[in-house]
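FYI, it's all coordinate maths here, none of it is from the lab. Please read these numbers as outputs of a predicted model, since none were measured by experiment. Every residue, glycine among them, receives a Cβ derived from its backbone with ideal geometry; neighbour counts consider all protein chains shown.
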Amino acid sequence: MPLNVSNLYSGYGRVRIVQDVTMSVGEGEILAVIGRNGVGKTTLMKTLVGLLGTLHGTIEFRDQDISRMHASRRARLGIGYVPQGRGLFTRLSVGDNLVMGERVGGIGATNRRRVFQFFPILEERLSQKAGSLSGGEQQQLAFGRILAGHPELILLDEPSEGIQPNIVQEIGRIIQRLRHEEGLTVVIVEQNLELIHAVADRCIVMDKGKIIAELTADEIKEPEVAKRYLAIAT
Amino acid sequence: MEEFALIFGYIYQYLDNIGFLILAASGLIIIFGMMGVINMAHGELMMIGAYITAFTYYAGVPAPIAILLAGVGAGIAGIILERLVIRFFYKQLLSSLVVTWGLSLMFSQGFLLIFGPSILNIPTPFGNFPIDEQTFGIYRLVLFGISMAMIAGVWAVFTFTRFGTHARATMEDPEMADALGVNTRHVYALTFGLGSALGGIAGGMFALTATISPFFGINYTPLAFITVVVGGGANVITGLLASVLALAGSQTLVNNLVNVYVGYLGMMGTALIILLVLPRGISEYLERRKIRTERASGRE
């Protein structure tokens, strides 16, 4: 099992945002984490990556306890993270952003050929500053940067945010390709139901920092379920 | 011949001022740009470099090697300082300023207690050359040449090495750099060490032209500080170059039109005007402009 989380509590200072979360993600699985704004989805992702400390509970990656491990060491174990807002180094060139991804997985060499197979536009923009790319290109670079390393588990935080609908579909296809061609395991936080339908094998629903339901991909397609858990009228 | 000597004199002064500001500010701007720390103890790291140069020189070490040893010594001192004190004050401009000012006082007073008010000076090498009725020191031109080599070296390190890429990324978003597997603690320590080493080398170079005392650094810190603030932290190389060219230019011009003291006022006035127009420094403006231009060309 790539990721096992047990009774996890985390937050900011003494304020507990994520509370008693227990979840696991299987090999090659795409797990969606859904819920309304402010329920702790991003806090959960940051805790899994190591950018927020674990207050209580355990996080295991490939049977290794990483609960107290520094974020940079978790990344070198193979946990790739694409944060909300993409987290690009906007003043660095596209090429330098790819260099920054090469330590993910701990091999330390840039796998540019694979990146350009997935995202050919990045090869054309290699010397351009990341901040000058369009929103869609920036999202491709955020994915490409992770692929430049050797990730085994990818954590995606709202990859469709601020992206045109046609590019959201493309992101869905890319996530599927990452699973099928690279065998990657994916945890995706998302509010875009279309994208969740397209990619997720399973969904967990969060509310007030806790997991309140677990749904199959088919269940989330039901309008009543979506309305109940995301407060979205479909 | 007289006109040639006059024009050469202006150019010589301009190059001298450029060399002085680059040497004094290059280490400081790296630390400020990369770590958001205004290191008021930078002058004292230069002072440590000057003392190491003097002691090793009088122990029989050739001056160029003594200056390199000064860089190594100041670099090690910088890494120790970073690990023990500075790391708790990243991106806290005011706190870091107060803490490093305290460190600078400790260093200067400590050296005063241990080594006394001054030590034996090192003679300036290479001598002078005459043009018409004026004489010019060769070592000043050497300082200018070394300052250019130093800035080229820093540019190469930050542009072409993995450490440089990691350092620039860490400067922009340390949390994301961590999440991508970069040990930002090492990056910070090495960057601070590099900035300190450059300060030590600069101190060693200036030790051949100035009185070496515990308050050696005070001659350089204010001007280096102004250069750094005018340059801004968005891009250390373009910021430093643009700032130095503007400040040294105004200083040289006013210096020749009026006198040395008013020359310094001219430099301060230029700094004031630049900061009124570009409060975050020249490099911030240049970087934004570059991104806008690239964005526009990407849409075509």
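Data table
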item	result
Shielding by other protein chains, B:180-189, mean Cβ within 10 Å	6
At most 16 other Cβ within 10 Å, DSSP loop - GluC sites (Glu not before Pro), region B:132-232	B:133
Inter-chain Cβ neighbour average for residues A:86-92, partner chain, 10 Å	6
MRE, 222 nm, helices only [DSSP H, n ≥ 4, -39500 (n - 2.57), over chain A, to nearest 500]	-10000 deg cm²/dmol
Karplus 3J(HN,Hα) series, Hz, for region B:133-148 with 6.51 cos²θ - 1.76 cosθ + 1.60 (x for Gly, Pro)	9, 9, 10, 10, x, 5, 4, 5, 5, 5, 4, 4, x, 5, 4, 5
For residues of B:168-178, the mean tally of beta carbons on other chains within 10 Å	6
Positive-end residue, region B:2-217 charge dipole about Cα centroid, Cβ charges, pick of B:176, B:20, B:47	B:176
Mean ellipticity per residue at 222 nm, deg cm²/dmol - from DSSP H runs of n ≥ 4 across chain B, formula -39500 (n - 2.57)	-26000 deg cm²/dmol
Centre separation in Å (Cα based) which lies between region B:157-234 and region A:178-224	46 Å
Inter-centroid distance (Cα atoms) of region A:9-62 relative to region B:61-94, Å	40 Å
Packing-based exposure ordering (other Cβ within 10 Å, fewest first) of A:150, A:197	A:197, A:150
Under 5 Å, built H, 5+ apart or other chain: amide partners of residue A:28	A:185
Whole-Hz couplings from phi, Karplus 6.51/-1.76/1.60, listed for region B:44-57; x for Gly and Pro	6, 5, 5, 5, 4, x, 5, 5, 4, 4, 5, 5, 6, 4
Cβ-based exposure ranking for A:145, A:202, in which fewest neighbours within 10 Å come first	A:202, A:145
Nonlocal amide H pairs with residue A:210, under 5 Å, H built at 1.01 Å	A:19
Residue-wise HN-Hα coupling along region B:86-102, computed from phi with Karplus coefficients 6.51, -1.76, 1.60 (Hz; x: Gly, Pro)	4, 4, 7, 10, 4, 6, 10, 4, 5, 4, 5, 5, 5, 5, 6, 5, x
Charge dipole (debye, nearest 20) of the protein assembly as shown; +1 at Cβ of Lys and Arg, -1 at Cβ of Asp and Glu	560 debye
Within chain A: Cβ-based charge dipole about Cα centre, in debye rounded to nearest 20 (Lys, Arg +1; Asp, Glu -1)	840 debye
Those trypsin sites (Lys or Arg not before Pro) in region A:67-118 that DSSP places in a loop and that have at most 14 other beta carbons within 10 Å	A:68
Residues with amide H under 5 Å from that of residue A:3, placed H, sequence gap 5 or more	A:25, A:62
Ranked list, fewest to most other Cβ atoms within 10 Å of each Cβ, for B:290, A:221, A:129	A:221, B:290, A:129
